[in-house]
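Reviewing the structure listed below.
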Amino acid sequence: MDTARLTARQPLVLALFRMVIGLLFASQGAATVLGVLGRKPEEVGEWPYWYAGLIELVCGVLVLLGVGTRAAALLSSGAMAFAYFTVHQKDGLFPLQNGGEAPVLYCWAFLLLVFTGPGALSLGSLRTRRRSSAGGPPGQEGQVSVAPTRS
């Protein structure tokens with residue numbers, strides 16, 4: 001297996017991962033807050049479900065677009081950890097026992113994005129490139145440095 005070719009595509013695959021996770025998360029939030037996709041909306045202000053849906057919708061869209069990815073992913077990861085421990089864990093220790101697979105997977109997926117950033121194809125990196133070409137201070141949001149390695 002040619003790991004250098006795989007490594008060269010890492011920023012693009014990371015961007016696709018970010019976009020899919022963001023779209024799925026935003027869809028959950030839209031269903032909860034707006035009552036779309038066959039779900040009845042939660043009452044406005046209903047704790048914790050309406051607030052969780054709002055976080056899912058807003059942060060999901062931000063992650064999907066790659067704007068403020070690290071902050072949105074951190075908030076999302078924490079919200080999913082909260083959901084797991086307050087809603088699911090009381091029904092069993094392991095996610096398979098308590099139906100908490102989705103919150104656990106979202107929690108860890110978003111935590112990964114906190115550390116990797118948005119990858120390629122993000123609006124945040126587009127904004128950073130425009131600022132850099134205009135002579136402004138370069139930012140790090142959206143820039144992933146990948147050096148090919150041999151394994």
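Here are some residues: ALA31, ALA15. Which one is under 20 Å from the mean Cα position of the chain (by Cα), touching a residue at least 60 places away in the same chain (Cβ under 8 Å) and in a helix (DSSP H, G or I)? Can you show your working first?
On the way: ALA31 fails: touching a residue at least 60 places away in the same chain (Cβ under 8 Å).
Just a single option satisfies the conditions, and that option is ALA15.
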Of all residues in region 16-36, which are among the aliphatic types (A, V, I, L, M) and either farther than 16 Å from THR116 by Cβ or buried (at least 20 other Cβ atoms within 10 Å of the Cβ) (or both)? ILE21, LEU23, LEU24, ALA26, ALA30, ALA31, VAL33, LEU34, VAL36
Name every residue in region 92-151 that is at pLDDT 90 or above, open to solvent by 50 Å² or more (accessible area, probe 1.4 Å) and not in a loop (DSSP other than H, G, I, E, B), in order of residue number. LEU96, GLN97, GLU101, ALA102, LEU105, TRP108, LEU111, LEU112, PHE115, LEU123
If I filter region 36-48 for residues that are at negative phi and either part of a helix (DSSP H, G or I) or within 10 Å of the chain's Cα centre (by Cα) (or both), do I get at least one hit? no
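The values are calculated or read from the model by the stated rules, or taken from the named source; none is laboratory data. These numbers were taken from a predicted model, which means no experiment stands behind them. Positions of Cβ are backbone-derived with ideal geometry, glycine not excepted, and every protein chain shown enters the neighbour counts. In case anyone asks, the SASA skips ligands and DNA or RNA and just uses the protein heavy atoms, side chains included. Shrake-Rupley method; radii C 1.70, N 1.55, O 1.52, S 1.80 Å.
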